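Reading through the structure tokens given below for one structure.
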Amino acid sequence: MPESRKWLLAAGLVALAIWLSLAIGGQWINPFAPASELDERILWELRWPRLVIAFAVGGMLALAGAWFQVLLGNALAEPYVLGVAGSAAVGAVSSLMLFPGSGLGMSAGAFIGAWIGIAAVLSFSYLGPARLLLAGIVLAAFWGALLALLLALLPEHRLGLALSWMMGDLSTSPIHEGGLLFVWIAALACGLALSRSLDAMLLGEMHATALGVDVRRLRIRLLFLASAVTAVAVTAAGTIGFVGLIVPHLMRLLFGSLHRVVLPASAIGGGVLLMLADTGARSMISPAELPVGVITALIGVPVFLWLLLRRA
């Protein structure tokens, strides 16, 4: 398929995802002609902010996934592989123990915990990709054990809130949707500025060095950028898996390996995937909601297995 048609198809999917996200969930609302004042308030005060949050968070997770896959030289890498999500969850549950019933305190704890995880990962950045990945796996296991301990100590009436956040929650965000969209744009701009160096890294570190890339500095920049973007996404919406794993894979299949194309496509594709997943989470058992992380897992697992079989 010609590249122009691929981008046209992508634009159509974005438009469809926006329309479905605004129209469906609890009750059907025509986003182009709301039937009443109540519909208009639901549309502009509830649906539209949530749509922007889903798009920005999904895009950031997909960008972080694309960066981690280049950074670690591993196609199975994803935003949570180095334990940033685990440390954020530890921070969120710790704040819930200290400040019960405070959603804002939980989000602040998640943000602080995520940055503690980033600092821990950065301290191992000199080890190289393979050992950094192993260090990240060990750190993730440590945060997981600490989280299990905190959940065991957490009073039963607060357990539901903690589990809901850990499975992904787009209903409320401590970060304004405008701020999230700004982070999405800034992250994409940073990725595009590094796109040539990322393309060189695909050839291997020796070839990248021969082409004038400072590999160590690029690795630290990528690690910091990807971890910081993941921290913002986790703080805004909890832990949502598989978006950063499968979206960069699919975009490379559709558009090739050049990062000046892959990164914008991933940023948009991740946003579309999370918008559609959130629409499904709001609609499947309406008026109740499923955690959006459950939907991304149900979509992500078969897609990832298909990608593995295709590579084999």
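The values are calculated or read from the model by the stated rules, or taken from the named source; none is laboratory data. The shown structure was predicted, so the numbers you read here are calculated from the model rather than taken from an experiment. Cβ placement follows ideal geometry from the backbone for every residue including glycine, while neighbour counts extend to all protein chains displayed.
Restricting to segment 176-189, and then to whatever is modelled with pLDDT of 90 or more and touching a helix residue (DSSP H, G or I) at 6+ places or on another chain (Cβ under 6 Å), can you tell me which residue is farthest from THR235 (Cα to Cα)? Going through the qualifying residues, I end up with LEU188. Restricting the search to segment 192-209, which residues are over 18 Å from LEU133 (Cβ atoms) and part of a loop (DSSP other than H, G, I, E, B)? If the condition is that a residue be over 18 Å from LEU133 (Cβ atoms) and part of a loop (DSSP other than H, G, I, E, B), then LEU194, LEU203 are the ones that fit.
Just one of the listed residues (ALA189, ALA208) is over 20 Å from the mean Cα position of the chain (by Cα) and closer than 16 Å to HIS259 by Cα, namely ALA208. For segment 99-108, state whether one or more residues are closer than 24 Å to SER173 by Cα, modelled with pLDDT of 80 or more and either in contact with a Leu (Cβ under 9 Å, 6 or more places away or on another chain) or surrounded by fewer than 22 Cβ atoms within 10 Å (Cβ to Cβ) (or both). Looking for residues that are closer than 24 Å to SER173 by Cα, modelled with pLDDT of 80 or more and either in contact with a Leu (Cβ under 9 Å, 6 or more places away or on another chain) or surrounded by fewer than 22 Cβ atoms within 10 Å (Cβ to Cβ) (or both), one finds at least one in segment 99-108, hence yes. The residues of segment 149-158 that are over 16 Å from THR239 (Cβ atoms) and in a helix (DSSP H, G or I), listed by number, are LEU149, ALA152, LEU153, GLU156, HIS157, ARG158. Being within 24 Å of PHE304 (Cβ to Cβ) and small (Gly, Ala, Ser) is a property that does not hold for ALA208. The residues on offer are LEU163, LEU170, LEU146, and the sole one that is in contact (Cβ under 8 Å) with a residue 40 or more places away in the chain, in a helix (DSSP H, G or I), out of contact with any Phe, Trp or Tyr (no Cβ under 7 Å at 6 or more places or on another chain) and among the aliphatic types (A, V, I, L, M) is LEU146.
Scanning segment 210-269 for residues that are outside any helix (DSSP H, G or I) and either free of Cβ contacts under 8 Å to residues at least 60 places away in the same chain or small (Gly, Ala, Ser) (or both) turns up LEU211, GLY212, VAL213, ASP214, GLY238, GLY241, GLY256, SER257.
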